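Inspection log for the structure reproduced underneath, given as structure tokens.
Values in this text are rule-based calculations from the coordinates and carry no lab data. Everything quoted here is computed from the prediction, not taken from an experiment. Here the Cβ is made from the backbone with ideal geometry for all residues, glycine too, and neighbour counts use every protein chain on show.
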Protein chains: 2
Amino acid sequence: MKTEAIMKRSVQAFEEYSSLPAGVKAKFLRDIAAAIEKLGDSLIKTVNEETNLPEGRLAGERARTCNQLRMFADILDEGSWVEAVIDTALPDREPIPRPDLRRMLVPYGPVVVFGASNFPLAFSTAGGDTASALASGSPVILKGHPAHPRTSGMVAEAIYGVIKDMGFPEGVFQHVEGGADTGQELISHPSVKAVAFTGSFQGGMAIFKTAMARPEPIPVFLEMGSVNPMFVLPGKIKEEAREQAVLIAKSVLLGAGQFCTSPGLVFVPDSDNTETFLEAMAKTFNEAGEEKMLHKGIVSGYYDALESTLKVKGVDQIVRKTGSEYTGAPTIGVTSLENWLDRPELQNEVFGPFTLVVRYKDQNDLLKAAKALRGQLTCSLIGNDSDLKESRELATLLSEKSGRLIFNGVPTGVEVSYAMTHGGPFPATTDSRNTSVGAWAIKRFVRPVTFQSAPAALLPEALKSSNPLGIMRVVNGKHTDKEI
Amino acid sequence: MKTEAIMKRSVQAFEEYSSLPAGVKAKFLRDIAAAIEKLGDSLIKTVNEETNLPEGRLAGERARTCNQLRMFADILDEGSWVEAVIDTALPDREPIPRPDLRRMLVPYGPVVVFGASNFPLAFSTAGGDTASALASGSPVILKGHPAHPRTSGMVAEAIYGVIKDMGFPEGVFQHVEGGADTGQELISHPSVKAVAFTGSFQGGMAIFKTAMARPEPIPVFLEMGSVNPMFVLPGKIKEEAREQAVLIAKSVLLGAGQFCTSPGLVFVPDSDNTETFLEAMAKTFNEAGEEKMLHKGIVSGYYDALESTLKVKGVDQIVRKTGSEYTGAPTIGVTSLENWLDRPELQNEVFGPFTLVVRYKDQNDLLKAAKALRGQLTCSLIGNDSDLKESRELATLLSEKSGRLIFNGVPTGVEVSYAMTHGGPFPATTDSRNTSVGAWAIKRFVRPVTFQSAPAALLPEALKSSNPLGIMRVVNGKHTDKEI
């Protein structure tokens, strides 16, 4: 069987690849970045044909993809990410001696990564999940997204070229084409040790159920839906109703609303300036050109979700353009806070250029909304100094509901850096203890192992007393980059 | 309903307790330790009556329990455990500015802890799971183990006293009595956000299934079974057959074999000294006094598992004492490596004073055994310098199968320190990325949250530019304890 052969290659590759020096893996990641860049315009052209995403955006996404690969290479070169911890022996301790204990993070096996439709480069074949898994020392089986097979194949070929040049076993990275069945078959295989996925709630939960029903359950890192609520506070709307409305509208419309962090829910106070705010939003929506969405399935999914939301009692539609089978019509719904609280289905994600404006009366309303919110990738607070001063409790509640809490900014635009969290409480993800963007994404694919009283020759470099890698370690409870 | 009221109190307590300064939580943990010590001899007497564990061992376990609480208090005082990471703003970056991003670990909600029967103090009511959860800022609902209800109640009362003295909400810690049904009801409640458990594979998997079937799945930290294989290498057995046999036998027999890390599997080379080794083991087993086990259920479980193992074809019994309905008869089984490889049921844990000796021929046999092994809490290598020099591949394979790899030592005796890993690949646990013993156990109950462009006044202390806590942070990718 095909899956059997794929997994056999992956397991074989794990033994060799995971034990390579960090510098070799770093070169591998940098060479992949260079190989992707070398694909040049033909890559951009192919992605554009397959996804309808504009070339400018795709050039930016390619840069982000390559930057990500190079960031993980830098992390490997620096080396402290393995969290080396050493407790030295206390042979004279009473009542019993303490042995020498040394702990670090190590990869635990082959990872299945699902390519995402909405980021054909940065969250697909050589995207953040692949880059962080390869950086951790784990081989990757990439299930390409069926909406961009040629793109996925081109990037996979670029990676294969680097694998060949470096003399790595071919199982370090394997590209598999197919639909949901193929994915299910892969993650059911006993040799798979982790899964990374970015996509819909339904798709994610199908993967979750399969992974948890395996004889050996495995960690799955599923980034699913989020409506990324924005809370516009009274002082700010008084000062900048129009400006904020345009900023938020543009964030909703960006890339036809096909970002994980697109703001699909905006809380706006009932005030003198509310009409100005809504008019400015509506104007921006009406002026927006109609953008083609990724593929027909996404468009029909958008209209289905949109209809479900708009037919909910108490929801008024203040803007809707025409749309077609290729384009999603930018749409705004409006409802009251009471209605939103009464109807939990209004929290469902409408993936596309839609947002629901919820009108609230006072701070107390916002606290109720924050408490009722499901888990989110992001929450945003838009307020002036005096608004924010009075929003301590609200900010705390929102930080409990999200992976990232933004002040006076829109959620779209996810920085790839050390301090990023792209994750959050369920249903944004199935496990809020992780991020799928940024440096810490690598930690998903590693586990701790402790060596007790190990002879120096059998210790990994990161744990040797002389600290040959010069990394930051915790020795007897204190951070130090010195030798012991 | 009772569970409803318990969970309501827990959720209310979370808001207040999680936001307390670290120093207040540290005092709480230290006061609990002092309150447990103040229970004095009457606690030890009660535990002894309920568990049959000898008073000397219980005094040691109490010390360990209190040390654990104080270790987490120290970790809170030091403060770096929150993994603060800061990326400062780059307003002039092209093509777009980078916002200020600050990330740290925060608790995510109420934790249900299951008391364990085999550590009535250190893994029960105020044990490592409770201590690490409370340290993280999470309220605890403790499901007491029905085998030691009075012990559990006494410790719970001690904690209640401290909660009252400190003026905390009562939901910070709640003690619940009951059996498996009570546990299932608790973990099914939507307000529970995590579960910690130490116990059998069957008990653990029942919890796992319930937790994963919830509308909102939650992380569960289940430490289940492990046979903790020891690999005795040829050079060492030539030099110290008798000494090593006695050391290993004593580790098996310790506490009537009722430790998670009891070595239930010993690989011994076929050599001139094998009979000497087996005789010395048998002698130690025969001379061992018969110890009462924890309770009748454990005894009958021991004999059931023992019979299942001894009736497997090719397993010889070389020692078995009488036993009773209160005591587990110390028993040794012996088989060949071929037979062990052919019969995976020989990897099942026999919880009690039993070990299976597996005779192997050469290094190649050991590699086969290591590859066939299921996930373990520990693996041990017993060898002289030249044995270990030739065991690099074996050591790597065993590190992939276990949470802790021990050189020339027995697995019993789990140090509570920074570098400990008490965890391991399935079925030792359901998720190898955690430890349930040592400093890092606190990380199970926290998740990252990122603050983007937050006003200084709304930032947690750990993330303020001036670094008022003086903790180690990662700023723009580099470790530093300086202000920004």
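Averaged over peptide A:399-406, the number of partner chain Cβ atoms lying within 10 Å of each residue's Cβ comes to 6.
If r is the Cβ-Cβ distance from residue B:313 to residue B:49 and R0 is 51 Å, what FRET efficiency results, to the nearest 0.05? Using R0 = 51 Å, I get an efficiency of 0.75. Of the trypsin sites (Lys or Arg not before Pro) found in the stretch B:286-339, those that fall in a DSSP loop while having at most 14 other beta-carbon atoms within 10 Å are B:311, B:313. Quick one: of B:238/B:321; A:283/A:361; A:209/B:2; A:464/B:27; A:25/A:464; B:321/B:371, which pairs are farther than 27 Å apart, Cα to Cα? Check vs 27 Å cut-off fails for B:238/B:321; A:209/B:2; A:464/B:27; B:321/B:371.
Between this copy and the others, label points of residue B:324 are 8.9 nm apart in ascending order, each placed 7 angstrom from Cα in the Cβ direction. With contacts taken as Cα pairs under 8 Å and at least 6 residues apart, chain A reaches a relative contact order of 18 percent. If I fit a long axis through the Cα atoms of helix B:296-310 and take the longest principal axis of the Cα atoms of chain B, what angle between them do I get, 0 to 90°, rounded to 10? On a 0 to 90 degree scale, this one is about 50. Per-residue mean of foreign Cβ neighbours for A:370-381 is 1 (Cβ atoms of other chains, 10 Å radius). Against chain B, whose longest principal axis comes from its Cα atoms, helix B:2-18 is set at around 60 degrees.
Rounded to the nearest 20 debye, the dipole size of the stretch A:3-83 about its Cα centre is 120 debye, using +1 on the Cβ of Lys and Arg and -1 on the Cβ of Asp and Glu. Packing-based ranking of A:298-305, A:191-198 yields A:191-198, A:298-305, ordered from highest to lowest mean Cβ neighbour count within 10 Å.
Computed over the stretch A:335-484, relative contact order equals 15 percent, with contacts defined as Cα pairs under 8 Å that lie 6+ residues apart. The aspartates and glutamates within cross-link reach of residue A:296, meaning a Cα-to-Cα straight distance under 15 Å and a gap of 8 or more places when in the same chain, are A:49, A:50, A:304, A:325.
How would you order B:354-365, A:327-338, B:106-117 from highest to lowest mean count of nearby Cβ atoms within 10 Å?
Packing proxy ranking, top to bottom: B:106-117, A:327-338, B:354-365.
As I understand it, the value is the acute angle between the Cα axis of helix B:22-38 and the longest principal axis of the Cα atoms of chain B; what does it come to in degrees, rounded to 10? Between helix and principal axis, roughly 40 degrees. Considering only B:440, A:369, A:231, and ranking their Cα positions along the charge dipole of the protein assembly as shown that arises from unit charges at the beta-carbon of Lys, Arg, Asp and Glu, the one farthest toward the positive end is A:369. The other copies place their residue B:238 label points at 8.9 nm from this one, listed shortest first, where each point is 7 Å from Cα along Cα→Cβ. Ascending distances from the residue A:179 label point to its copies in the other chains, with the point 7 Å along the Cα-to-beta-carbon line: 4.8 nm.
What does a probe at residue A:170 reach in the stretch A:17-42, counting residues whose amide N is under 18 Å from the point 7 Å along Cα→Cβ? Only A:17 fall inside the zone, counting backbone N under 18 Å.
Considering only chain A, the C-beta nearest to the rotation axis that sends A to B is found at A:212, 2, the distance in whole Å.
Helical runs (DSSP H, four residues minimum) scored at -39500 (n - 2.57) apiece and divided by the length of chain B put the mean residue ellipticity at 222 nm at -13000 deg cm²/dmol.
For the listed peptides A:370-381, A:222-233, B:212-223, a ranking on the average number of other beta carbons within 10 Å per residue, highest first, reads A:222-233, A:370-381, B:212-223.
Are there any GluC sites (Glu not before Pro) in the stretch A:408-484 that are in a DSSP loop and have at most 16 other Cβ atoms within 10 Å? List them by number.
Working: sites: A:415, A:461, A:483; in loops: A:415, A:483.
Those satisfying the criteria are A:483.
Charged neighbours of residue A:463, selected by a Cβ distance under 9 Å, balance to +3 (K, R count +1; D, E count -1). Inter-chain neighbour count for B:434-441: the average number of beta-carbon atoms from partner chains within 10 Å of each residue's beta-carbon is 3. For the protein assembly as shown, the Cβ-based charge dipole about the Cα centre amounts to some 100 debye (Lys, Arg positive; Asp, Glu negative; other atoms uncharged).
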